[in-house]
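Chemist: Have a look at this one before I ask anything.
The values are calculated or read from the model by the stated rules, or taken from the named source; none is laboratory data. Everything quoted here is computed from the prediction, not taken from an experiment. Methodologically, a virtual Cβ is constructed for each residue, glycine included, from the backbone with ideal geometry; neighbour enumeration extends over all protein chains shown.
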Amino acid sequence: MLQNKLKDFQVILASQSPRRQQLLKDLGLDFDIDVREVEEVFPEGLDRDEIPQYLSKLKAEPFKDELSERQLVITSDTIVWVDGEVLGKPKDREDAFRMISALSGRKHQVVSGVCLTTKEKQHAFSSVTDVYFKELTQEEITFYIDEYAPYDKAGAYGIQEWIGFIGIEKIEGSYFNVMGLPVQQLYTELMKFVS
């Protein structure tokens, strides 16, 4: 069991996302939260899967020189990918409307990168989920933005919120990945990482 493998570690989740915190808690792990400020900028030319991995490694950088032997940091980043464009978190209401409109009536990918870091080693991986939205009306998009203010979410939406209930026709891949943390893959990777 993962809890047994991690019992000698202090697990640190470097994320302010309440969704990631809840998912890790639901996995049955004890962890502390410690977030360091980094500028989330990635170099041009990275492919879809490399971007969130790069950003999750970037978020681990401030910890690397400070970690003791039995500390493990989990960092993560999630992007929405449509038409070869990265949709991060919206800057404002207009940006949120533009993003959700771009997703309306079509398929996009949600890609999460996760990085596991200890004093001795580091391992990053990514998970991709295909998400299919129905055609959304302007009224539906406006209602969602006004009621749910999705400014802290990649692609300006949360699958677990109203827009997910009424708008998402199907997904292929991990549901939890769309929430921001591919929990099943994280469990598998952690089992290998600390063995």
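Chemist: Taking segment 10-65, which residues are within 24 Å of T129 (Cα to Cα), basic (K, R) and over 12 Å from the mean Cα position of the chain (by Cα)?
Modeler: Once the filter is applied, which keeps residues that are within 24 Å of T129 (Cα to Cα), basic (K, R) and over 12 Å from the mean Cα position of the chain (by Cα), segment 10-65 yields K25, R48, K57, K59.
Chemist: Then there is this: From the list S112, S104, S68, pick out the single residue that is among the hydroxyl-bearing types (S, T, Y) and within 18 Å of the chain's Cα centre (by Cα).
Modeler: S112
Chemist: Please tell me if S76 is in contact with an Asp or Glu (Cβ under 7 Å, 6 or more places away or on another chain), part of a strand (DSSP E or B) and either of a type in the set (S, T, Y) or modelled with pLDDT of 95 or more (or both).
Modeler: When the stated conditions are applied, S76 does not pass them.
Chemist: Check off (1) at pLDDT 95 or above; (2) more than 19 Å from H123 (Cα to Cα); (3) surrounded by fewer than 18 Cβ atoms within 10 Å (Cβ to Cβ) for L23 and give me the number that stays unchecked.
Modeler: (3)
Chemist: Continuing with the same structure: Return the residues of segment 50-71 that are within 13 Å of W81 (Cβ to Cβ) and surrounded by fewer than 18 Cβ atoms within 10 Å (Cβ to Cβ); say none if nothing qualifies.
Modeler: Scanning segment 50-71 gives a single hit, E50.
Chemist: Is it the case that some residue within segment 107-116 is in contact (Cβ under 8 Å) with a residue 24 or more places away in the chain, in contact with a strand residue (DSSP E or B) (Cβ under 8 Å, 6 or more places away or on another chain) and in a helix (DSSP H, G or I)?
Modeler: no
Chemist: Taking segment 121-169 as the region of interest, how many residues are out of contact with any helix residue (DSSP H, G or I) (no Cβ under 8 Å at 6 or more places or on another chain), over 24 Å from D47 (Cα atoms) and either among the hydroxyl-bearing types (S, T, Y) or modelled with pLDDT under 95 (or both)?
Modeler: 1
Chemist: So, in segment 135-154, how many residues would count as being of a type in the set (D, E, K, R), surrounded by 13 or more Cβ atoms within 10 Å (Cβ to Cβ) and under 23 Å from the mean Cα position of the chain (by Cα)?
Modeler: Counting residues in segment 135-154 that are of a type in the set (D, E, K, R), surrounded by 13 or more Cβ atoms within 10 Å (Cβ to Cβ) and under 23 Å from the mean Cα position of the chain (by Cα) gives 2.
Chemist: Does S15 satisfy the criteria of being touching a helix residue (DSSP H, G or I) at 6+ places or on another chain (Cβ under 8 Å), closer than 20 Å to E172 by Cα and not in a helix (DSSP H, G or I)?
Modeler: The answer is no for S15.
Chemist: Let me ask another. Restricting to segment 122-143, count the residues that are without any contact (Cβ under 8 Å) to a residue 24 or more places away in the chain and part of a loop (DSSP other than H, G, I, E, B).
Modeler: Count: 1.
Chemist: Consider Y175 against the criteria (1) under 30 Å from N4 (Cβ atoms); (2) touching a helix residue (DSSP H, G or I) at 6+ places or on another chain (Cβ under 8 Å); (3) of a type in the set (F, W, Y): it satisfies all of them except one. Which criterion is unmet?
Modeler: All conditions pass for Y175, except number (2).
Chemist: Of all residues being at pLDDT 95 or above and surrounded by fewer than 17 Cβ atoms within 10 Å (Cβ to Cβ) in segment 176-195, which is farthest from E140 (Cα to Cα)? Just the residue, please.
Modeler: Only one residue tops the list, namely K192.
Chemist: Taking the conditions exactly as written (of a type in the set (G, A, S) and in contact with a Pro (Cβ under 7 Å, 6 or more places away or on another chain)), does A96 satisfy them or not?
Modeler: The answer is yes for A96.
Chemist: In addition: Checking the conditions here, which among L103, L87, L46, L29 is buried (at least 21 other Cβ atoms within 10 Å of the Cβ), among the hydrophobic types (A, V, I, L, M, F, W, C), without any contact (Cβ under 8 Å) to a residue 60 or more places away in the chain and in contact with a helix residue (DSSP H, G or I) (Cβ under 8 Å, 6 or more places away or on another chain)?
Modeler: L103
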